Amino acid sequence: MTKAIRIHHNGGPEVMQWEDVPTPVPGPGEALIRHEAVGLNYIDVYFRTGLYKSPLPATLGMEAAGVVTAIGEGVELVAVGDRVAYAGGALGAYATERTIAVDRLVKLPDAIDFTTAAAMMLQGMTAQYLLRRTFVVRPGDTILVHAAAGGVGLILCQWAKHLGATVIGVVSTPEKAALAAAHGAAHVVVGHANLSAEVKRITGGAMVPVSYDSVGRDTFMPSIDSLAPLGMMVSFGSASGPVPPVDIGMLSAKGSLFLTRPTLATYTSKRADLERVTKDLFEVVQSGAVAIRVNQTFKLSDAAAAHEALEARRTTGSTVLLP
Ligand code: NDP
């Protein structure tokens, strides 16, 4: 038997149960992984509440790091004993062991420990595609990053600075502002009530070519109003709730804006993309350009408390669940 956090229906953190489940056997193209560390991500909240749908009962979680303990038929990408990590693919990371399709696994460099790996895979790959592919950030760009002290946020701030950009971070408290500033945000705005006016002041009226907005409903219009003509609104999350339907005529009226709603799954669905993105991520982490901040750890069995903290905006940086 193995242990897993499962939900039998959607709801608050209390629906998560620590249960015995049979140890799965890897099928063709799969490996069995013994998890050493599991990543906590906001998407886990969306699956728990039902904003994102999955068949029930479900084991939550999309990211972990650990050791391959068995492989199925035809597997060549990994071998028993390999240190591996993954983000995305089928749900099921909140477990002491799981099977997974090996084309989602990457081998870990020796220098990256399991906790760091579990913290950085999903959030770091997200930062990579957002900065390097969705909108290609150039030296000299001034960009807007929401939830700048969060998991994805702290990585975006550091990586964008490393690329030569000036980051305007948006956070909810002075403490988070200090943290974002210490991780590369040149300017930090607390709250979004006067965001476009603040962006206008900071940029001398130029506004920004891109807003990386993971907050969703509450910040959609402040983000749009902070863009320069031809700017890109990258709406990549819904921490405050989903963005209501948009009248696309507004995009022309506000200056021929671009709007995209990207997901990591699209940007890493091909194995070659997954390898390129993780190579880039491992490089910036190993060079020290991007530090992964694991600011909270919880026991995996205590995942409900981790969800409560994340939703109450009490976490900063990344959070890892330990089996
Ligand atoms: P974070 O660590 O960023 O936590 C969420 C943060 O959102 C909070 O700390 C808070 O920061 C901010 N926030 C603003 N409004 C609310 C609210 N009403 N309730 C809760 N939080 C709020 O989480 P992650 O790093 O895991 O994820 C960040 C975002 O990126 C999420 O929206 C997630 O869905 C998205 N994401 C999208 C991906 C994609 O490919 N599309 C992939 C990965 C993540 P503050 O207090 O400073 O406002």
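The values are calculated or read from the model by the stated rules, or taken from the named source; none is laboratory data. Since the structure is predicted, the reported quantities are computational estimates derived from the model, not experimental observations. Don't worry about glycine lacking a Cβ; one is built from the backbone with ideal geometry, like all the others, and counts go over all protein chains shown.
Quick check on my filter: what residues within the stretch 269-291 are more than 15 Å from the ligand (Cβ to nearest atom) and free of Cβ contacts under 8 Å to residues at least 60 places away in the same chain? Lys270, Ala272, Arg276, Lys279, Glu283, Ser287, Gly288, listed by residue number. Kindly indicate whether Thr266 is within 15 Å of the chain's Cα centre (by Cα) and free of Cβ contacts under 8 Å to residues at least 24 places away in the same chain. Judged against the criteria, Thr266 is a match.
Residue by residue, here is whether (1) of a type outside the set (A, V, I, L, M, F, W, C); (2) out of contact with any Leu (no Cβ under 9 Å at 6 or more places or on another chain); (3) touching a residue at least 40 places away in the same chain (Cβ under 8 Å) holds:
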{"residue": "Pro13", "(1), (2), (3)": "yes, yes, yes"}
{"residue": "Gly39", "(1), (2), (3)": "yes, no, yes"}
{"residue": "Leu51", "(1), (2), (3)": "no, yes, yes"}
{"residue": "Val68", "(1), (2), (3)": "no, no, no"}
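Confirm whether Val145 is within 13 Å of Phe236 (Cα to Cα) and in a strand (DSSP E or B). Yes.
Listed here are the residues, each with its yes/no results for (1) under 19 Å from Pro262 (Cα atoms); (2) within 16 Å of the ligand (Cβ to nearest atom).
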| residue | (1), (2) |
| --- | --- |
| Gly81 | no, no |
| Ala85 | no, yes |
| Gly92 | no, no |
| Glu97 | no, no |
| Pro109 | no, no |
| Gln128 | yes, yes |
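Can you give me the number of residues within the stretch 154-180 that are more than 12 Å from the ligand (Cβ to nearest atom), of a type outside the set (Val, Ile, Thr) and within 17 Å of Thr203 (Cβ to Cβ)? Looking only at that region, the number is 4. For the stretch 244-266, the set of residues classified as within 16 Å of the ligand (Cβ to nearest atom), outside any strand (DSSP E or B) and surrounded by fewer than 21 Cβ atoms within 10 Å (Cβ to Cβ) consists of Pro244, Arg261, Pro262, Thr263, Ala265, Thr266, listed by residue number. For the stretch 132-153, a residue qualifies if it is within 16 Å of the ligand (Cβ to nearest atom) and touching a strand residue (DSSP E or B) at 6+ places or on another chain (Cβ under 8 Å), and the qualifying residues are Thr134, Phe135, Ile143, Leu144, Val145, His146, Ala147, Ala148, Ala149, Gly151, Gly153. Kindly indicate whether Pro229 is within 14 Å of the ligand (Cβ to nearest atom) and loosely packed, with under 15 Cβ neighbours inside 10 Å. No; evaluated as a whole, the condition is false for this residue. Checked against the criteria, Ser214 does not count as modelled with pLDDT of 95 or more, in contact with an Asp or Glu (Cβ under 6 Å, 6 or more places away or on another chain) and either within 22 Å of Ala149 (Cβ to Cβ) or surrounded by fewer than 16 Cβ atoms within 10 Å (Cβ to Cβ) (or both). Can you name the residue in the stretch 174-216 that is in contact (Cβ under 8 Å) with a residue 60 or more places away in the chain and assigned to a loop (DSSP other than H, G, I, E, B) and, of all such residues, is nearest to Val294 (Cα to Cα)? Out of the qualifying residues, it is His183. From the list Gly205, Gly191, which residue is more than 16 Å from the ligand (Cβ to nearest atom), at pLDDT 95 or above, farther than 13 Å from Leu259 by Cα and surrounded by fewer than 23 Cβ atoms within 10 Å (Cβ to Cβ)? Only one candidate qualifies: Gly205. Of all the residues in the stretch 129-150, those that are closer than 17 Å to Arg293 by Cβ and either without any contact (Cβ under 8 Å) to a residue 12 or more places away in the chain or out of contact with any Gly (no Cβ under 6 Å at 6 or more places or on another chain) (or both) number 2. When the stretch 292-323 is filtered for residues that are more than 15 Å from the chain's Cα centre (by Cα), part of a loop (DSSP other than H, G, I, E, B) and away from the ligand (no atom under 11 Å from the Cβ), only Pro323 remains.
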